[in-house]
Amino acid sequence: MPEKDAWTTFLDFLSTIITPNWEELIGLLPLFVLIGLVGPVLTLLMLYQLRVRLTSRHGRVQLAEPEPTPAPLGEDGLPNVPANVPYCSRHGLVYPLSARSCELDREELSVRCPIDDTVRVASQQLCRACGTKYVLGASRTAVMVRRTGRPPAGGAAAA
């Protein structure tokens, strides 16, 4: 078999490009659609999502339970606890309205009645002396927000 020269080889290659085998190309059409259409669309969507995540300035807010605070001291040096607020008499801490036990020793908290100054346990909703019924933490309107991030560069006025 005679060996073909370079020009004949090039012309044979060129003839396969100019007059392709259409049956094989039609069989590859789903692959061409996937690579040429769906691939770029998905890439653009992922790049857009990445851009939105990197440039968004939406803060994340975490709701936090208020921490116990030291009770204010009276003139006699003893803790002066407000009425109808749970407190720990041993440690002198005032707790949020939803607390029922001390965080330090798990002892039950006390509450002073605003009507007759009787001290009762925080889990009791009824004052035994005057008969007044209280539900601690039933109408909590204050919400404590804990900061998780930093302010934007340039301060709060930067837009």
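The table for this structure:
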{"item": "Only listed residue being closer than 30 Å to residue 117 by Cα and hydroxyl-bearing (Ser, Thr, Tyr), chosen from 19, 8, 55, 69", "result": "69"}
{"item": "All positions within segment 68-90 that are at pLDDT 80 or above and either in a strand (DSSP E or B) or touching a His at 6+ places or on another chain (Cβ under 6 Å) (or both)", "result": "69, 70, 73, 87, 88"}
{"item": "Failed criterion for residue 32 (all others in (1) within 24 Å of residue 132 (Cβ to Cβ); (2) assigned to a helix (DSSP H, G or I) hold)", "result": "(1)"}
{"item": "Residues being surrounded by 10 or more Cβ atoms within 10 Å (Cβ to Cβ) and of a type in the set (D, E, K, R) - total across segment 1-35", "result": "2"}
{"item": "Output for segment 118-154, where each listed residue is modelled with pLDDT of 80 or more and among the polar types (S, T, N, Q)", "result": "118, 123, 124, 125"}
{"item": "Unique match (being within 38 Å of the chain's Cα centre (by Cα), surrounded by 10 or more Cβ atoms within 10 Å (Cβ to Cβ), more than 28 Å from residue 130 (Cβ to Cβ) and at pLDDT below 80) among 38, 61", "result": "61"}
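The values are calculated or read from the model by the stated rules, or taken from the named source; none is laboratory data. Because the structure is a prediction, the values reported are computed rather than measured. Note that we place each Cβ from the backbone using ideal geometry, even for glycine, and neighbour counts take in every protein chain shown.
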